[in-house]
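Notes to accompany the following structure.
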Amino acid sequence: MNVLVLGAGQLARMMSLAGAPLNIETNAFDVISQKVVHPLTQSVVNNDLEDAISRADVITAEFEHIPHDILTLCEKSGKFLPNTDAIKAGGDRRLEKTLLDSANVKNAKHYVIHTRQDFDEAIQYVGLPMVLKSALGGYDGKGQWRLKSMDDVDAVWCEMDQCIQASSGQAIVAEEFVPFDREVSLVGARGKNGEVVVYPLAENIHVNGVLSLSTAIEDRALQAQAKEMFTAVANSLNYTGVLALEFFDVKGTLLVNEIAPRVHNSGHWTQQGAETCQFENHLRAVCGLPLGSTTLIRPTCMINILGEDTLPDTILSTEGCHVHWYGKTKRPGRKMGHINVCAKSTSELQHLMCSLAEILDKNAYPAIHEYANKWQ
């Protein structure tokens, strides 16, 4: 089986690693260089996308922001999964909100802004404080603003208007500010036959809008809510593959914050913590294979490595620590890799994470120190 992945980053890399034992060959299309490359070595495999499409049995994607002409070309082949509607919804917050509303899935009150008049109407409808996000582009906290006071309206509008004018088809989505207790996410998979499997929820810690730490949790009430909402969204899209939903937990009630039509950073813990990792299950789904078990096999936490290209040797010699590098050039704030930390029990995991907080620099890994302070 030959799978072509649109996007040549770390998610394609980890799909390739997960697919090899199943005899699934994976190539990746780099949308920047316009070349088909090997996901691990980045060596050029093919300079012709159309030829690569013809050779592939299945085409999928590792991120949402794919040029629509490429999506159209892949869709015409009849091989693209999940589907282009799902990818477009993940890359355009307007479509995302429409999808959530049509699936009757709870999300924050929102309003789409194109003009200053729209902005004024949004303030009246949504109320203050509010969060404002660019409809297109923007991730890891980019392309976002917070409006807390009417005194700041003109200044915020000036920045948003520049964003709108900078790219064709751009808009801003205003959302009510949700005073949540914590952020959680659910990663799951839907097969071609409509079968749905979901992993345990992950509790997430973000720093400056970037995911820094995810911990698999067991909460039956929240899990049931999350699975119901996941199933509604996946069925609404007639989805095939792995899908992630990010939630706000507000006193035991979940609101969807965002969807990601792909394998997701908050699901990296599944590599060591679940019977079948998210990368393998995505390939199983799009290739028409039976889905693997999503059972939690041991308490696991994932720590993102941001802007760092080395780790203390102590990490490699610590039982339960598994390091995954992405082969990237170092850059401030860049996702360079992650560490999966596993233990035999929740209390043992908490103890191990507190020990790691003493090893890892607080400035580079603030989330693990936040975690440790919670349990010390």
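Key figures
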quantity: Pick from segment 90-125, criterion surrounded by fewer than 20 Cβ atoms within 10 Å (Cβ to Cβ) and of a type in the set (Ser, Thr, Tyr), ranking: nearest to Val153 (Cα to Cα); calculated: Thr115
quantity: Answer from Asn304, Asn340, Asn373, Asn363 - the residue that is modelled with pLDDT under 95, in contact with a helix residue (DSSP H, G or I) (Cβ under 9 Å, 6 or more places away or on another chain) and either loosely packed, with under 15 Cβ neighbours inside 10 Å or under 14 Å from Thr215 (Cα atoms) (or both); calculated: Asn373
quantity: Elements of type helices (runs of 4 or more DSSP H) contained in segment 72-158, each with 3 or more residues being within 30 Å of Thr240 (Cβ to Cβ) and of a type outside the set (D, E, K, R); calculated: 84-91, 93-102
quantity: Residue under evaluation Leu128, criteria (1) surrounded by 13 or more Cβ atoms within 10 Å (Cβ to Cβ); (2) modelled with pLDDT under 95; (3) not small (Gly, Ala, Ser), criterion not met; calculated: (2)
quantity: Residue count, segment 307-323 (criterion: touching a helix residue (DSSP H, G or I) at 6+ places or on another chain (Cβ under 8 Å) and assigned to a helix (DSSP H, G or I)); calculated: 1
quantity: Subset of segment 90-121 that is hydrophobic (A, V, I, L, M, F, W, C) and in contact with a strand residue (DSSP E or B) (Cβ under 8 Å, 6 or more places away or on another chain) - its residue that is nearest to Gln165 (Cα to Cα); calculated: Ile113
quantity: Filter result (among the polar types (S, T, N, Q) and in a strand (DSSP E or B)) within segment 49-71; calculated: Thr60
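The values are calculated or read from the model by the stated rules, or taken from the named source; none is laboratory data. Not measured: the values here are computed from a predicted model. No Cβ is skipped: glycine too gets one built from the backbone with ideal geometry, and neighbour counts run over all protein chains shown.
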